[in-house]
Amino acid sequence: MFNCIRDNVKGCRILQLLWSDTLMRRAFFVLQPYLTDVWKLSFTHAAAIVNIWEGTSLMLPAVFQLLADKYLGNFKVVVTCTISSTLGLALITMSLPPVLGMGPCKEYEERCVDGGQKGLLYLGVALTAIGRGGLSVSVPCLHDEQSEGGQFFLCGMVQRHGSTAENLVVYAVGLVIISVISSWTFRFGFPAIFATFVTLSFLGWWSSYKKAPPKRKGSLLATLFKVFIAPRSRSGEENEASPEESSFLRHISGISINFIMLGIVSALGNTFFVEQANHMNRKFLFLTLPLAAFQLPMLIAAAAGPCLCAACAFLRCVNQYCKYCVPRCLRSIPAVLGIGAAMGHAILCCVVAAAVEKRRHRGPGGAVVETHATWLIFQFYLVACVDVFFRSSIESYYHARAPGALRDYHDVYTDFVTGLGYFSSVVLVAIVGRVSEPSWFEETVDGSRLDRYYWVLAVLASLSLVGFWVMVPFCIGKDVKPAAAHADGEGGRACCCFSFSR
């Protein structure tokens, strides 16, 4: 019992690092309007900065998973990334004009921002992306390593289920704080102070953590390299990837091209949608709705995630204890339907966004008509549902179809594909801006025709959905049997669907 309590105390200190990441993402929700209102960047330029940060932080987990598994171990990765994230938030806070006063003045105006402050912010954004990418994969693993042999199953389940509630509470608290306080200094400074406190609390108990060495096992990134880049070693021998791993990775990579569109649609939430809200009427009764308040529909969608994960957990139980009740080729059907639902939400999100934006340009000659920002609630909710459905469905699909050695990498795969979508969004906006005549993208959203861009995304998302349904029979029809050493419920760390969601 004493060991159980000790392990859970250490687990709480480790999970606090994810709370810091949660607050940081709440603050970065308003990074787009900061860059457009204070720096006076065009909204497409500001969106490119935000999407590159988001895409980098989502693609880096694959790299850090490789470093943790083969070279450094989870503890070293967590320490390095925690310091990187905290330092990045501190640099972003110091880049604000009133903090260091490096510019000609201390007001939140374009003339008060010089090259040094811009350099601090860019460096801070890069460091936070590195920190976020490493913490997302290493914190859950380090948490699991602190329990001796994992024998405290009940305590572990409570810890995992509680972490979801804790993250939602921190999400809500951060939302309220950032919404009530309108100062840019506080919006970015509060997450920096909290991150510093959490980091010092974590490092202060350095000697109490188990510092397990790297497992020297391959990661998803290493296996992909063996399957696609180096199918044979120099000696002519086959690569180390098993036939089951090679088969699964080839078919999941084949249909992944259709998932990039989900990342492109998700990239709208923190960029174009926020910029629309920033230029619409936000007065409600006697109050003006803060921009951060539009995260509330996203919070509601995120809270529905555990309900989807419950279905995912049920399917895992079927896979483990009822192998003869459901044919293996049918176990992935619910996951496939969930992915289809994510794509359907992406199409609906783009259609709704186009309709709302068209409403703003229904005046003579396409003039902007004042529209209340509450119309945006639907598209904020739908864009969050895209990510919730996609993550839950991919986890269920991995547990139903993937060999045991790859089953724990569903989050890394989902992040990587979504990150590709964020980078693709930057490229797509640049291409559409050059091809359209006159350009659909001006300096501000009021002079732009985002409704036309949203219709293009709706068409592309529809084509991706069709492509997915065309390709999926060739994938789920292949019976990828797990190796004997990795039977269902064996050969991998215990992974809970409820635990560490982004």
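The values are calculated or read from the model by the stated rules, or taken from the named source; none is laboratory data. For clarity, every value in this text was computed on a predicted model and none was experimentally measured. Cβ: placed from backbone, ideal geometry, glycine included. Neighbour counts: every protein chain shown. The protein model used for the area step is the full one, side chains on, heavy atoms only, and it has no ligands, DNA or RNA in it. Shrake-Rupley method; radii C 1.70, N 1.55, O 1.52, S 1.80 Å.
Among the residues that make up the range 427-437, is at least one of them crowded, with 23+ Cβ neighbours inside 10 Å and either closer than 19 Å to I255 by Cα or among the small types (G, A, S) (or both)?
no
Considering only the range 113-136, how many residues are of a type in the set (G, A, S), more than 15 Å from F28 (Cα to Cα) and either open to solvent by 40 Å² or more (accessible area, probe 1.4 Å) or more than 14 Å from the chain's Cα centre (by Cα) (or both)?
Number satisfying all stated conditions: 3.
Mind listing just one residue for me: the one in the range 63-78 that is hydrophobic (A, V, I, L, M, F, W, C) and surrounded by 18 or more Cβ atoms within 10 Å (Cβ to Cβ) and, of those, farthest from T199 (Cα to Cα)?
Step by step, filter the range 63-78, then rank; the result is L66.
Scan the range 240-266 residue by residue and report those that are modelled with pLDDT under 65 and surrounded by fewer than 17 Cβ atoms within 10 Å (Cβ to Cβ).
E240 - this is the single residue of the range 240-266 that is modelled with pLDDT under 65 and surrounded by fewer than 17 Cβ atoms within 10 Å (Cβ to Cβ).
Restricted to the range 79-112, and to residues that are polar (S, T, N, Q) and closer than 15 Å to L123 by Cα, which residue is surrounded by the fewest Cβ atoms within 10 Å (Cβ to Cβ)?
Let us first name the residues in the range 79-112 that are polar (S, T, N, Q), namely 80, 82, 84-86, 93, 95.
When the remaining residues are screened for being closer than 15 Å to L123 by Cα, the result is 84-86, 93, 95.
Values: S84: 20, S85: 30, T86: 26, T93: 24, S95: 23.
If we take residues in the range 79-112 being polar (S, T, N, Q) and closer than 15 Å to L123 by Cα, then S84 is surrounded by the fewest Cβ atoms within 10 Å (Cβ to Cβ).
Condition check ((1) open to solvent by less than 30 Å² (accessible area, probe 1.4 Å); (2) at positive phi; (3) at pLDDT 80 or above) across all residues:
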position: Q276; (1), (2), (3): yes, no, yes
position: M280; (1), (2), (3): yes, no, yes
position: K283; (1), (2), (3): no, no, yes
position: F286; (1), (2), (3): no, no, no
position: L289; (1), (2), (3): no, no, yes
position: A292; (1), (2), (3): yes, no, yes
position: Q295; (1), (2), (3): yes, no, yes
position: L299; (1), (2), (3): yes, no, no
position: A303; (1), (2), (3): no, no, no
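Hey, any hits in the range 45-59 for a residue that's within 20 Å of L142 (Cβ to Cβ) and either open to solvent by 20 Å² or more (accessible area, probe 1.4 Å) or among the polar types (S, T, N, Q) (or both)?
Among the residues of the range 45-59, at least one is within 20 Å of L142 (Cβ to Cβ) and either open to solvent by 20 Å² or more (accessible area, probe 1.4 Å) or among the polar types (S, T, N, Q) (or both), which makes the answer yes.
For a quick check of your reading: which helices (runs of 4 or more DSSP H) sit entirely within the range 243-295 and have at least 3 residues that are within 20 Å of L58 (Cα to Cα)?
It comes to 243-256, 260-266.
What about F423, is it open to solvent by 10 Å² or more (accessible area, probe 1.4 Å), under 24 Å from M280 (Cβ atoms), of a type outside the set (K, R) and assigned to a helix (DSSP H, G or I)?
Answer is no for this residue.
Answer with yes or no whether R452 is surrounded by fewer than 18 Cβ atoms within 10 Å (Cβ to Cβ), free of Cβ contacts under 8 Å to residues at least 12 places away in the same chain and more than 19 Å from A342 (Cβ to Cβ).
Values: surrounded by fewer than 18 Cβ atoms within 10 Å (Cβ to Cβ): yes; free of Cβ contacts under 8 Å to residues at least 12 places away in the same chain: no; more than 19 Å from A342 (Cβ to Cβ): yes.
Criteria not met by R452.
Taking Q65, is it of a type outside the set (S, T, Y), within 13 Å of S138 (Cα to Cα), in a helix (DSSP H, G or I) and out of contact with any Lys or Arg (no Cβ under 7 Å at 6 or more places or on another chain)?
The answer is yes for Q65.
Which residue is nearest to Q65 (Cα to Cα), if the candidates are limited to the range 183-214 and must be assigned to a loop (DSSP other than H, G, I, E, B) and not basic (K, R)?
Going through the qualifying residues, I end up with P214.
Step by step: first the residues of the range 422-453, then only those that are within 15 Å of A46 (Cβ to Cβ) and hydroxyl-bearing (S, T, Y), then the one that is nearest to the chain's Cα centre (by Cα). Which residue is that?
So the residue we want is Y422.
With respect to T164, is the statement that it is at pLDDT below 80 and in contact with a Pro (Cβ under 8 Å, 6 or more places away or on another chain) true?
Yes: the conditions hold for T164.
Within the range 43-59, is even one residue within 25 Å of K106 (Cα to Cα) and assigned to a loop (DSSP other than H, G, I, E, B)?
Taking every residue of the range 43-59 in turn, none turns out to be within 25 Å of K106 (Cα to Cα) and assigned to a loop (DSSP other than H, G, I, E, B).
Can you tell me which of (1) acidic (D, E); (2) open to solvent by 10 Å² or more (accessible area, probe 1.4 Å); (3) in a helix (DSSP H, G or I) is the one D415 doesn't meet?
The failed condition is (2).
Could you check, for the range 364-376, whether at least one of its residues is small (G, A, S), open to solvent by 50 Å² or more (accessible area, probe 1.4 Å) and part of a helix (DSSP H, G or I)?
Yes, the range 364-376 contains at least one residue that is small (G, A, S), open to solvent by 50 Å² or more (accessible area, probe 1.4 Å) and part of a helix (DSSP H, G or I).
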